[in-house]
1. Taking the range 203-220, which residues are free of Cβ contacts under 8 Å to residues at least 40 places away in the same chain and touching a Phe, Trp or Tyr at 6+ places or on another chain (Cβ under 6 Å)?
2. Which one of these is more than 17 Å from the chain's Cα centre (by Cα) and either within 23 Å of Arg192 (Cβ to Cβ) or at pLDDT 95 or above (or both): Asp167, Asp99?
3. Within the range 118-144, track down each residue that is among the basic types (Lys, Arg) and modelled with pLDDT under 95.
4. Filter the range 193-202 down to the residues that are more than 23 Å from Leu164 (Cβ to Cβ) and touching a strand residue (DSSP E or B) at 6+ places or on another chain (Cβ under 6 Å) and list them by number.
5. Sort out which residues of the range 186-206 are crowded, with 17+ Cβ neighbours inside 10 Å and either of a type in the set (Phe, Trp, Tyr) or under 14 Å from the mean Cα position of the chain (by Cα) (or both), and write them in order of number.
6. Since Val113 meets every condition but one in (1) at pLDDT 90 or above; (2) in contact with a Phe, Trp or Tyr (Cβ under 7 Å, 6 or more places away or on another chain); (3) under 22 Å from Arg191 (Cα atoms), which condition does it not meet?
7. Among the numbered criteria (1) out of contact with any His (no Cβ under 7 Å at 6 or more places or on another chain); (2) farther than 20 Å from Gly242 by Cβ, which single criterion is violated by Gln128?
Amino acid sequence: MQGPARLAWKTGFRIIDVCTVNVRGRLGKRACEAKNLGAMMSLLHAYRVCCPLVLPALVLLTVVVGGCDRPEKAPVLEESRTVAAETLPELGGLIGPLDEGRIEVAPPAGWHVPPRNRQWLIRFTALQNLSYPSILLTAEDYETVFNVTDTNVDEFARQISAALSKDTSTARLSQGIEPIKIGSLVGITYRRRAQATYKSKKIELERLFIETVVSGRKYTLELRTRTGTLDKYRSSLEAVAGGMKFLHAEETPETEGLPELDEPL
């Protein structure tokens with residue numbers, strides 16, 4: 001490996017790129033999968049013959065970057081947006097109760113209701129025999145926030161942002177998380193891109209989410225549609241969100257403080 005060594009002497013840090021390729025070519029995934037800095041440095045030391053003159057710089061680069069691949073940036077929190085319910089498309093009749101009697105939800109007028117599936121509470125499709133566009137609703141327990149309100153929606157948005165950033169499958173968001181209010185519903189919205197297999201072919205999809213928490217349950221409405229048509233159906237998703245009826249919703253319980261002591265310890 002005399003070539004890279006000579007280049008390092010002549011061009012300084014520019015050789016890091018060349019040397020990194022050589023090192024990673026020999027280490028394979030072992031360096032990328034190292035669990036700590038000590039393991040990474042041990043691997044680099046084992047292959048110090050690759051680029052002896054730039055090994056210190058390469059180690060420094062490893063420390064600064066934090067690994068072989070740069071982490072994804074956290075989604076950007078956008079300004080809050082308010083949607084007037086009267087400007088949204090009409091809805092059909094309420095369906096439910098769903099989620100063990102907690103919620104009723106209505107489809108956009110004219111949309112179809114496919115058979116139930118365990119993956120979601122309910123799903124709507126614009127066309128009876130086509131999968132897209134579709135709107136689906138899921139629910140899960142959420143411990144950090146009991147009810148999303150005007151006062152804590154920003155904190156809820158930051159929590160979802162952090163969770164999405166940690167998961168490699170959701171780290172790449174096509175736009176930032178945005179607090180949203182539709183009628184009395186307060187929540188967040190964000191979008192993603194995805195691929196799906198449809199009739200044995202790969203197709204590009206856009207996904208738009210609206211999420212809120214009511215009585216300790218996080219409800220996620222998701223619009224799935226072909227790329228380039230999301231804005232056409234956005235108002236349908238917002239109409240469904242604004243029309244959700246929560247049954248037996250509970251107020252956020254007050255946190256009990258510690259009792260005062262009669263005498264200091």
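The values are calculated or read from the model by the stated rules, or taken from the named source; none is laboratory data. Keep in mind that this is a model prediction, so the values were computed, not measured. Here the Cβ positions follow ideal geometry from the backbone for every residue, glycine too, while neighbour counts run over all protein chains shown.
1. The one that is free of Cβ contacts under 8 Å to residues at least 40 places away in the same chain and touching a Phe, Trp or Tyr at 6+ places or on another chain (Cβ under 6 Å): Phe209.
2. The match here is Asp99.
3. Arg118
4. Within the range 193-202, just Lys202 meets the criteria.
5. Ile188, Thr189, Tyr190, Arg191, Arg192, Glu206
6. Answer for Val113: the failing condition is (3).
7. Looking at each condition in turn, Gln128 falls short on (1).
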